[in-house]
Amino acid sequence: MTKSTAPATARRLLPDAPLLLAARGERPNRLPVWFMRQAGRSLPEYRELRADQPMLQACMTPELTCEITLQPVRRHGVDAAILFSDIMVPLHAAGVELDIVPGTGPVMERPIRSASDVMALPVLEPEALEPVAAAVRLLVAELGRTPLIGFAGAPFTLASYLVEGGPSRHHERTKALMHSAPDVWHALLDRLADLTLTFLGVQAAAGVDAVQLFDSWAGALSEREYRRFALPHSARVLAGLAGTGLPRIHFGVGTGELLGAMAQAGADVVGVDWRVPLDVAAQRVRAARPHGPVVLQGNLDPAVLLAGWPAIEAQARRVIDEGSAADAHVLNLGHGVLPETDPDMLTRVVELAHSR
Ligand code: 1CP
């Protein structure tokens, strides 16, 4: 291992936080619930704050990051805040030229396609992330008893943006690189694993209470490809965080075929998208990892949130029932909140979860 994470010296003790109890495999007296992308365009108060601020600038302005992170906690009463940031922030902080284009997502100035491109990738120094650390410290002081989740993109998902140059449907250049030049591929993912460990290590040292590793696009891979080209690097990141003692959540989209393999990457909580019922997911995770509790996070379809309350309620109750097959469950969506979502529907899902 080339880099170890800093100790989580600023860590708060939140022994009763339902999210943290569930992450350890316990059933707290209240079902914990939060939403991926809970901070963002579904909230009018977010749109107002972000109006004249480019995304990356907002992520590097501690007071603004703090306020945006707190908005959904105040509004919905969720059981966790998730740091407002982006998976591209550590690359930006390292000096890689990129932009986050409204309506598109991350776009690279120069995609990475060769061994020399990989060698030229700058190393991320923790000091470059001081605005992120400052935001975490502000949040820990503001949040009271609500845990703060830090996060990062997994090496494969970061590589997909770097190699493709931006968002991609088929990830064809990424797959071409891994199959045609596996040495270059692994060198790239090795560097991205270091970068991810630095990003999460800074968040841990500043005081986050849990971390989520987003391998959003891992579902583009077959299980064989995932095990060979992605899993070892995600496993190194997750193992590198073990010393912090923070609960680790691991999530990807379209990963039904990969749930067993992802469960073996070493996280405490497996995030599940909306395609696989949680009772089926629990079986897959238990079969792959027979020792230790099965803790699942998910998996209400974000599109269902646009279907009106009766449909939302029925689907949320189904998800909660199916989640009882796991040892513990953190209610969430199967992917991020869609921008056109009525935020009141999110508040009602929180009330429903807490009424049980
Ligand atoms: O101008 C804007 O409002 C930009 C939209 C936006 C937002 C609100 C982007 C660009 N990123 C974010 C914030 C963000 N990104 C959060 C906020 C915290 C919260 O959940 O409340 C998180 C967790 C992320 C992480 C992220 N960024 C992921 C992993 C999670 C996921 O959704 O799968 C990924 C894949 C990205 C890349 C990215 N950044 C932004 C967009 C639109 C995208 C996706 C582009 C694509 O489809 O490839």
Task: Dipole of the chain [Lys/Arg +1, Asp/Glu -1 at C-beta], most positive-end residue of Leu13, Leu121, Pro28 - done: Pro28
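So what's the back-of-envelope 222 nm ellipticity for the chain, counting only DSSP H runs of four-plus at -39500 (n - 2.57) apiece and dividing by all residues, rounded to 500?
Values: 15 runs with 154 residues, N = 356.
The helix contribution divided over the chain gives -13000 deg cm²/dmol.
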Open item on the list: Give me the dipole magnitude in Debye, nearest 20, for region 190-235 about the Cα centre, with unit charges on the beta carbon: positive for Lys and Arg, negative for Asp and Glu.
Closed with: 140 debye
Task: region 18-355: antiparallel DSSP beta bridges as a percent of all, rounded to 5 - done: 15 percent
Open item on the list: Can you give the local net charge around Ala265? Use residues other than it whose beta-carbon is closer than 13 angstrom to its beta-carbon, Lys and Arg +1, Asp and Glu -1.
Closed with: +1
- [ ] Go ahead and set up a Gaussian network model of the chain, Cα springs under 10 Å, then flag whichever of Arg113, Arg169, Arg191 fluctuates most.
- [x] Arg169
Open item on the list: Let's see if you can work this out: charge +1 on each Lys and Arg Cβ, -1 on each Asp and Glu Cβ, no other charges. What is the dipole magnitude of the chain about its Cα centre, in debye to the nearest 20?
Closed with: 800 debye
- [ ] Have a look at Gly292, Gly336, Gly252 and tell me which one the Gaussian network model of the chain (Cα, springs below 10 Å) gives the largest fluctuation.
- [x] Gly292
Open item on the list: Show me, for region 118-135, the HN-Hα J-couplings you get by feeding each phi into the Karplus relation (A = 6.51, B = -1.76, C = 1.60, θ = phi - 60°), rounded to Hz, glycine and proline as x.
Closed with: 5, 4, 7, 4, x, 8, 7, 8, x, 4, 5, 9, 3, x, 5, 4, 5, 5
Task: Selected from Asp342, Asp301, Asp79 as most flexible by GNM, with the chain as the system and alpha-carbon contacts under 10 Å - done: Asp342
Task: Shape call, the chain: gyration tensor on alpha carbons, a/c limit 1.5 - done: rounded
- [ ] Mind ranking 320-326, 65-71, 270-276, 141-147 by how tightly packed they are, going by the mean number of other C-beta atoms within 10 angstrom, highest first?
- [x] 270-276, 65-71, 320-326, 141-147
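Each value in this text was obtained by applying a stated rule to the coordinates, not by laboratory testing. Predicted, not measured: the structure shown is a model, and the values here were computed from it. When we count neighbours, we look across all protein chains shown, and the Cβ atoms used for this are built from the backbone with ideal geometry, even at glycine.
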